[in-house]
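K.L.:
Handing you a structure now.
The values are calculated or read from the model by the stated rules, or taken from the named source; none is laboratory data. Since the model is a prediction, treat every value here as computed from it, not as a measurement. FYI the Cβ positions are ideal-geometry reconstructions off the backbone, even for glycines, and counts take in every protein chain you see.
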Amino acid sequence: MKEWSPPTSIAEGKSLMPVRILLADDHEVVREGFRALLEDHGFQVVGEASDGFEAVRLAKEFKPAIGVLDLSMPLLGGIQACREIAKVSPFTRTIILTMYRDDQYVLDALRAGVSGYILKSRAGKDLIEAIRAVSAGSTYLGPEVSQAVVKAYQASGQEPAHSNLSSRETQVLQLVAQGKSTKEVASTLGISVKTASAHRASLMRKLDIHETAGLVRYAIRVGLIAA
C-alpha cells in the first residue's frame with residue numbers, strides 16, 4: 001500500500017480545514033443526496049462524476065483528499081477507477097460504495113488499494129464515519145463486510161482469474177459486457193479498432209471465455225457491471 005500523508009488535520013472527528021471530496025455515481029439523485037449529507041457535516045464536494053472515466057479525470061484535476069465511488073459505474077467500474085486515480089492523484093484515498101457484500105468484491109477492492117468499503121444500505125450511517133477514519137489514515141470496512149473479509153482471507157487465497165488482466169483489458173471487458181461493439185470500445189478508449197480487437201481476444205483467452213454472453217455473466221459476477 002502506498003505511503004500516505006494526510007491532506008488535512010483531524011481532531012476529535014473534525015477537520016481544521018474542510019476535507020475535499022470527489023463523488024462518483026451514475027445516478028444524479030444519489031449524488032445529490034450524498035452531497036447534501038457531506039456538506040451538512042462540513043465536508044467540501046469539489047467534483048461529481050457519473051462514470052469511472054470522469055471520476056479519474058476530475059481526480060487528476062482537483063486532487064481531492066477522498067474519492068467516494070460507486071462500485072458499478074458505466075465505462076469504468078469503481079474498483080478500476082480507484083486504480084487509475086491512484087496513478088493520477090497518489091494522495092487521494094478512495095472509498096467504495098456498493099450494494100455488494102460478497103467476499104470477492106471486498107478483496108478486489110482492497111487489492112486495488114481502496115481505503116474504505118461500505119454498503120449503500122448503511123451509507124447514511126457509515127459514510128461520515130468512514131470519511132473521518134480514512135482521512136485520519138485508517139482503513140474503514142462497514143460492519144456487514146468485515147466478516148466477509150475475514151472469511152475470504154481464511155479461504156484458499158487464490159487470486160481471481162481477472163487479476164491476470166491488464167488495466168486496459170479490464171476496461172475492454174467492462175465495455176464489451178455493457179454491449180459496446182469493438183468499434184465503440186475503440187472510440188471510447190481512444191485506441192484503434194485493431195488494438196481493441198486484440199485486447200478483447202487476449203482477455204477472452206486469459207479468462208477462457210469465448211462468447212459475449214459469457215463475458216457479460218462474468219462481468220456481473222465480479223462486479224464490473226450491475227445485473
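K.L.:
Scan the stretch 58-77 for residues that are in contact (Cβ under 8 Å) with a residue 60 or more places away in the chain and under 15 Å from Asp26 (Cα atoms) and jot them down.
P.N.:
Here is the first cut: in the stretch 58-77, the residues in contact (Cβ under 8 Å) with a residue 60 or more places away in the chain are 65-66, 68, 71-72, 74-77.
Passing the criteria: Val68, Leu71, Ser72, Pro74, Leu75, Leu76, Gly77.
K.L.:
Can you tell me which residues in the stretch 107-126 are under 11 Å from the mean Cα position of the chain (by Cα) and either at positive phi or in a helix (DSSP H, G or I) (or both)?
P.N.:
Matches in the stretch 107-126: Asp108, Ala109, Leu110, Gly113.
K.L.:
Output the number of residues of the stretch 106-122 satisfying the condition of being buried (at least 24 other Cβ atoms within 10 Å of the Cβ) and among the hydroxyl-bearing types (Ser, Thr, Tyr).
P.N.:
The total comes to 2.
K.L.:
Quick one: would you say Val68 is modelled with pLDDT of 90 or more, in the same structural domain as Val106 (by TED's automatic domain parsing) and over 16 Å from Ala109 (Cβ atoms)?
P.N.:
no
K.L.:
Pairs needed: first member in the stretch 84-104, closer than 19 Å to Glu129 by Cβ; second member anywhere, in a helix (DSSP H, G or I) and aromatic (Phe, Trp, Tyr); C-beta distance under 8 Å; at least 6 residues apart or different chains.
P.N.:
Thr98/Tyr105
K.L.:
What do you reckon, is Phe53 of a type outside the set (Lys, Arg) and part of a helix (DSSP H, G or I)?
P.N.:
Working: of a type outside the set (Lys, Arg): yes; part of a helix (DSSP H, G or I): yes.
In short, yes.
K.L.:
Which pairs do you get when a residue that is at pLDDT 95 or above, found in the stretch 37-48, comes within reach of a residue that is surrounded by fewer than 18 Cβ atoms within 10 Å (Cβ to Cβ) and aromatic (Phe, Trp, Tyr), reach meaning Cβ atoms under 9 angstrom, with the pair 6+ apart or on two chains?
P.N.:
Note: pairs meeting the criteria are Val46/Phe62; Gly47/Phe62.
K.L.:
When only residues in the stretch 27-40 that are touching a helix residue (DSSP H, G or I) at 6+ places or on another chain (Cβ under 9 Å) and under 21 Å from Ser89 (Cβ atoms) count, which is surrounded by the most Cβ atoms within 10 Å (Cβ to Cβ)?
P.N.:
Among those residues, the one meeting the criterion is Phe34.
K.L.:
Within the stretch 134-156, restricting attention to residues that are part of a helix (DSSP H, G or I) and modelled with pLDDT of 85 or more, which residue is nearest to Thr94 (Cα to Cα)?
P.N.:
Step by step, filter the stretch 134-156, then rank; the result is Val134.
K.L.:
Among Phe34, Phe53, Phe62, Phe43, which is of a type in the set (Phe, Trp, Tyr) and closer than 23 Å to Val106 by Cβ? Talk me through it step by step, then tell me what you get.
P.N.:
Details: Phe53 fails: closer than 23 Å to Val106 by Cβ; Phe62 fails: closer than 23 Å to Val106 by Cβ; Phe43 fails: closer than 23 Å to Val106 by Cβ.
It is Phe34.
K.L.:
Just to be sure, is Asp103 assigned by TED's automatic domain parsing to the domain that holds Ala24, under 12 Å from the mean Cα position of the chain (by Cα) and charged (D, E, K, R)?
P.N.:
Working: assigned by TED's automatic domain parsing to the domain that holds Ala24: yes; under 12 Å from the mean Cα position of the chain (by Cα): no; charged (D, E, K, R): yes.
So Asp103 does not fit the description; no.
K.L.:
Mind checking which pairs have a first residue in the stretch 157-173 that is under 20 Å from Thr188 (Cβ atoms) and a second that is at pLDDT below 80 and not in a helix (DSSP H, G or I), Cβ under 7 Å, 6 or more apart or different chains?
P.N.:
As it stands, the answer is His162/Val222; Leu173/Leu224, since those pairs meet every condition given.
K.L.:
Right, here's the next one. Output yes when any residue across the stretch 62-73 is of a type in the set (Phe, Trp, Tyr) and in contact with a Leu (Cβ under 7 Å, 6 or more places away or on another chain), and no when none is.
P.N.:
Yes; the residues of the stretch 62-73 include at least one that is of a type in the set (Phe, Trp, Tyr) and in contact with a Leu (Cβ under 7 Å, 6 or more places away or on another chain).
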